[in-house]
1. Can you say whether residue 38 is of a type in the set (Gly, Ala, Ser) and either in contact (Cβ under 8 Å) with a residue 12 or more places away in the chain or surrounded by 15 or more Cβ atoms within 10 Å (Cβ to Cβ) (or both), as far as the supplied structure shows?
2. Could you say whether any residue in region 295-302 is among the hydroxyl-bearing types (Ser, Thr, Tyr) and part of a helix (DSSP H, G or I)?
3. Would it be correct to say that residue 266 is surrounded by 20 or more Cβ atoms within 10 Å (Cβ to Cβ), without any contact (Cβ under 8 Å) to a residue 24 or more places away in the chain and more than 25 Å from the chain's Cα centre (by Cα)?
4. So which residues in region 269-291 are among the small types (Gly, Ala, Ser) and under 23 Å from residue 53 (Cβ atoms)?
5. Would you be able to say whether some residue in region 104-113 is within 19 Å of the chain's Cα centre (by Cα) and closer than 17 Å to residue 296 by Cα?
6. Hey, could you check region 307-350 for residues that are crowded, with 18+ Cβ neighbours inside 10 Å and of a type in the set (Ser, Thr, Tyr) and say which is nearest to the chain's Cα centre (by Cα)?
7. Surrounded by 16 or more Cβ atoms within 10 Å (Cβ to Cβ), touching a residue at least 60 places away in the same chain (Cβ under 8 Å) and not in a helix (DSSP H, G or I): is that true of residue 75 in this structure?
8. Please work out if residue 143 is closer than 19 Å to residue 340 by Cβ, surrounded by 21 or more Cβ atoms within 10 Å (Cβ to Cβ), at pLDDT below 80 and in contact with a Cys (Cβ under 9 Å, 6 or more places away or on another chain).
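The values are calculated or read from the model by the stated rules, or taken from the named source; none is laboratory data. The structure displayed is predicted, hence computed values, not measured ones. Note that each Cβ is placed from the backbone with ideal geometry, even for glycine, and that neighbours are counted across all protein chains shown.
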Amino acid sequence: MMNSNNDNYQTHKKPNTTTTTTTTTTTATTTTNNNNKSYLPLLVVNYLCLFVGSVSSSLLSKYYFIHKGSSIWVSTWVQSSGFPLLAIPIFLPYYLLKCTDRKPFTRFTPKLTILSVFVGFMLGLNNLLFSWGNSYLPVSTSSLLLSSQLAFNLILSVIIVKQKVTFTNLNCVVLLTLSSVLLALGSNHDKPHGLTRAKYFVGFFATVGAGLLFALYLPVMEKIYRKVYCYEMVMEMQLVMEIAATCLATFGMALDGGFSEMKTESKRVFDKGPAIYWVTVISNVVTWQLCFMGTAGMVFLTSSLTGGICMTALMAMNVLGGVVVYGDEFGGAKAVSTVLCVWGFCSYVYGMYIKTRKERDMGNSCNINQGIAMEMVHMVDDGV
């Protein structure tokens, strides 16, 4: 009787084991396929946000300064005050589209909130330094100094998130840095009128600080995102960070009279009139938010180094935008800079494609080998 019971037990368990294994394998394969299907469109959408946001905000900022806008606090405030727009990707999928079961801010822990606020203050300081540097330095010097952030980004990514240095990413960093240097050298006639030595040094150190802070910001975000399990949480973190950055900018504006300065600037300083002034400011708010949202998504979906590379590559696109929209000169140095930029970026994208394809092929091979091994185990068990 005991042997019969044991035989019945094993006979009952074998089909369940096979079914469970097959179901698990099928589920894993289906999940992988679904992730792959949703990953690429999400990546494309985030890069488009980064592209449109970066180029548009650059052109709008230039438009603001061309028509006699000069407030450092306005330039700082617009970079983060568009945070209400993040409510769209956070709340729309759950409450209106009904395409997710996850309620917004689920598993958003106090620790994650504190980290988001801290990084938000860091981002707010970076925005202030960036605006400060831009208000004093010529475009050429600012571009040259900001181009150094990519090299610092690579170094800090190696230290903080253990980024592997490969020929592909090192080659891209070198080419994009050279591209930015040539871009700066080709714009050395853009020095503002009345730039004193003191203002130059203030702008110099502010821009260097902004570059270093942003180079630190990207790998720190990648480190934090490793504790995040979905894209929606990234947008929720971004919302908290932007609120913190806006609070910092608003506090500074209130102390320095920035809000009254905006009102005065719109009526008496800006030469296109108050209506165009506010359209420019609001448009800048929207485009900066697209830029930061795209950056956060790129870091989450790829890596901090990829995010930094994409942003540096867009510097050349900003120059081309200036040529098309404002009729800026496009000399030999800018042409070579653009070629180097496209070369470096395309080589990096191709390297990522090859790496992804190899990983996918290895994953498929592992699944096939695992399936064959399981079949052999079941055949042996059936024989026993």
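1. In short, no.
2. yes
3. So residue 266 fits the description; yes.
4. Correct list: 283 only.
5. yes
6. Per the criteria, the residue is 312.
7. no
8. no
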